[in-house]
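Inspection log for the structure reproduced underneath, given as C-alpha cells.
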Amino acid sequence: MAKLLIVDDEVDVREFAANFFRKRKVEVITASSGEEAVEIARQEKPDLILLDIKMSGIDGVETLRIIRGNDPAAKIIMVTGRKPEEENAFEKCKELGAIDYVHKPLELDELEKIVFAAL
Amino acid sequence: MRVDYKKELESAAKSMILVHEPDVLIKMIVRMIVQKVKVSHAGILLHKNGNSYVLTVSRGPSGIKIPAGFARMDTDNPLIRIFRDPVYRSLTNGGVFVCKEVLKQLSNKKLSAEQKEILKKALYQMEIFDTAVCVPSYHRQDLLGLLLLGKKEKKKDFAKDELDFFMALASDVAMAIRNAQLFKELENELDKKQRLFIHTIIALAAAIDAKDHYTHGHTSRVTSLSLEIARRFAQEHKDMINDSFLEHLHVAGLLHDIGKIGIPESILNKQGPLDELERQKMKEHPMVGAAILTPIKELEDAILGVKYHHESFDGSGYPQGLKGDHIPLIAAIISVADTFDAMTTDRPYRKGLSKEDAIGEIKRVSGKQLNPQVAQTFVKLYEEGKI
C-alpha cells in the first residue's frame, strides 16, 4: 500500500484529508508541524508528502528544504492558500524540488488525481 | 419531542433579516439545522466570485469537520451541474437530493446512460463529504449555494416534513444571503465613496500648497497636529469630541487655507513682510475658503473650521471678531496647530522658532489669541514628547 504523509497544523484539515485518502486505500500518516514532519519523513520514508505552506513554527518552505536535504528523492506536493505571499512562495518551492502544488480551497477530485498521479 | 417546523422556519426567517454579515448568517443557519434536525453535521457550499462553490462552513456534533475555505467544487463538478444545468434539473425534481432516493433512481429504466452516469458521479461527490441530503438554494435561476447534510441521528430516514422544511429554509436562506451580500456590496461602495471624497479633499489641499511655496507641507502638518490635539483633548473632555467631529476636523485641517487660492501669488510668495493693504487682502482667505466650500452641504461642520481659524479668544481676530466659546472648537484647535506650525517654519525673511520657543509663545498667547484649554492640551502633548 502506498504511504502518504499529510502535514498541516490544523487538526480538522489533517483528519479530513487523512480519512479521504484512507477510504481510497492509501496508508496515511499525519504530522502537525514542520518539525514533526521532518522526523516522520526520516523514519517512515513516505512515498509522497502533502505539505501545507503556512504553518506556525518552521513553515512549509523551510520544511521542504530540510526534508529534501535529508532525502533528495522525497516527493513533495505543496498546499497553498490564495494569498499572494503564498503564491509567490511556490517559485521557491519549485527550486527546492517540490513536484507540484494545489490551492486551497481544493477541488477534491483534482487533489485525488494529483496525488494518485504522483504515488 | 416533535419539532414544529413551520414555527422554526418563521423564527429563523425573523432572525435572518437582522444579520447583514453573510458569513455570520451562514454559521447561524448551519448551527440551527444541526440543533433542530439532529443531523451529524451540516455544511454550506456557497457560490463565490467566478466558477467556484466554496465550502464555507461545516460543523456538527459527530460528523466530519471540514475547515472553512478548505474545499471547493467548480461549476463542472457533477454535483453542482446536476443542480445548475437545466438539462439535469429534472433529475432532482427541482428540489432536495436524497442519497437513498437517488440510489433507487439508478435502477429506473427510463433514465439514459448519460443521466445515470452523472447521478453516480454526483453521489460519489456526496460521499466525499459524507452527505445524506443535498438542498439547493436558488435566487431566481441562479444556484447560490448547496446545503450538505449528514446522516440523521440513529441513521433514521428524513421525514417528508423535514425535507419540506429544508426546501423552504433554503429559499429563505437564498434571499437572506442575497440581501446580506447586497448590503456588504453597498458598504464597500460607501467605503469607496468615502475614500474618493477624502482623496479629492487632499487633491484640493495640494492645490494650495502648490501655489504657496513658503508653506510647503503646512497643510498636512496642521491636519495631523490638529487631530493629535483633538484626540488628547478628548481624553479630558469626552462629551465634546466624537468620531464625526474628528472626521470634520480632518477635512477642515486639509482645507483650512483653501481660500488662499483667491489671494494673488505676488502676496503669497512675497519676499518680506506684508504691507497694510496686502495684509488686508490676506485676511480675506478664511471667508473666501468658506465661500468656496459652502455649496457642499456635507461640509457644513468642516467649514466652521475653515471660516474661523483666525479668530482670537479675546475677540481681536478675524473675519468676525468672535470671542471665547463663541469660536467653534474645531476652529480653536486648527488655530493652535496653525500658529505653532507657522512659528516653527522658516520664512525667507526670518528663521523659524525652535519648538521650545514656540511652546513658550503658545503659553504666552493662551487666553489672548488662543483658546486656553486647547493651548493647554497642546502644551501637554509637547511635555509628553508627542510633538
Note to self: Checking the table B:Lys7/B:Lys151; A:Lys3/A:Lys25; B:Lys14/B:Lys156; B:Lys38/B:Lys155; B:Lys116/B:Lys160 against a 18 Å threshold on Cα-Cα, which pairs fail?
What the structure shows: B:Lys7/B:Lys151; B:Lys14/B:Lys156; B:Lys116/B:Lys160
Next item on the list: Would you mind checking which residues have amide H under 5 Å from B:Tyr138's amide H? H placed 1.01 Å from N; only 5 or more apart, or other chain.
Entry: B:Leu144
Next item on the list: Under a cut-off of 14 Å between alpha-carbon atoms, report the aspartates and glutamates in cross-link reach of B:Lys307, not counting same-chain residues fewer than 8 places apart.
Entry: B:Asp257, B:Glu284, B:Asp338
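Suppose we keep just the DSSP beta bridges with both residues in chain B; what percent of those would be antiparallel, to 5? Present the calculation step by step, with values, prior to reporting the outcome.
Values: 25 of 26 bridges.
About 95 percent, rounded to the nearest 5.
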Note to self: Along its three principal axes, how long is chain B when you only count alpha carbons? Whole Å, largest extent first please.
What the structure shows: 103, 42, 34
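What is the Å³ per residue value for the convex hull set by the Cα atoms of the stretch B:5-184? Could the numbers behind the result be given before it?
Numbers: hull volume 19.7 nm³, N = 180.
It is 109 Å³ per residue.
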Check: Cα centroid distance between the stretch B:114-153 and the stretch B:289-311, in Å?
Finding: 60
Check: Mean residue ellipticity at 222 nm from the helices of chain A, using -39,500 (n - 2.57) per DSSP H segment of n ≥ 4 over the full residue count, to the nearest 500 deg cm²/dmol?
Finding: -14500 deg cm²/dmol
Margin query: Treating the protein assembly as shown as a set of equal point scatterers at the Cα positions, no solvent, please give the Debye-formula log₁₀ I(q)/I(0) at q = 0.09, 0.13 Å⁻¹.
Written below: -0.81, -1.08
Next item on the list: Run the dipole for chain B about the Cα centre, Lys and Arg Cβ at +1, Asp and Glu Cβ at -1, nothing else charged, and hand back the magnitude in debye, nearest 20.
Entry: 2260
Notebook entry, point to check: Separation of the stretch A:1-80 and the stretch B:180-198 by C-alpha centroid, Å?
Noted result: 42
Margin query: Exceeding 21 Å between C-alpha atoms, which entries from my cross-link table qualify? They are B:Lys121/B:Lys152; B:Lys281/B:Lys363; A:Lys54/A:Lys75; A:Lys23/B:Lys121; B:Lys193/B:Lys260.
Written below: B:Lys121/B:Lys152; B:Lys281/B:Lys363; B:Lys193/B:Lys260
Next item on the list: Taking chain B as the reference, fit the longest principal axis to its C-alpha atoms, fit the long axis of helix B:218-236 to the helix C-alpha atoms, and give the angle between the two in degrees, 0 to 90, nearest 10.
Entry: 70
Item checked: For q = 0.14, 0.15, 0.17 Å⁻¹, Debye-computed log10 I/I(0) when each Cα of the stretch A:3-118 counts as one equal scatterer -> -0.49, -0.56, -0.74
Note to self: Can you give me the angle between helix B:5-18 and the longest principal axis of chain B, using Cα atoms only, in degrees from 0 to 90, rounded to the nearest 10?
What the structure shows: 20
Check: How far is helix B:329-344 tilted off the main Cα axis of chain B, in degrees rounded to 10, range 0 to 90?
Finding: 60
Item checked: Listed residues B:Ser112, B:Ser58, B:Ser15, most fluctuating in chain B (Gaussian network, C-alpha, under 10 Å) -> B:Ser112
Notebook entry, point to check: GNM on chain B, C-alpha springs below 10 Å: top fluctuator among B:Val306, B:Val222, B:Val24?
Noted result: B:Val24
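What percent do you get for the relative contact order of the stretch A:1-95 when only Cα pairs under 8 Å and 6+ apart count? Can you show the working numbers first?
Values: 148 pairs, mean separation 25.4, N = 95.
This gives 27 percent for the stretch A:1-95.
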Next item on the list: Can you bin the stretch B:212-383 into rounded, prolate or oblate? Criterion: square roots of the alpha carbon gyration tensor eigenvalues sorted a ≥ b ≥ c, rounded for a/c under 1.5, prolate for a/b above b/c, oblate for the rest.
Entry: oblate
Note to self: Explain nothing, just the number: relative contact order of chain B, from Cα pairs under 8 Å at least 6 residues apart, as a whole percent.
What the structure shows: 11
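Read-outs: derived from the displayed coordinates by stated rules, not from any lab. Being a predicted model, the structure only gives us computed values, none of them experimental. Every residue, glycine as well, gets a Cβ built from its backbone with ideal geometry; the counts of neighbours run over all protein chains shown.
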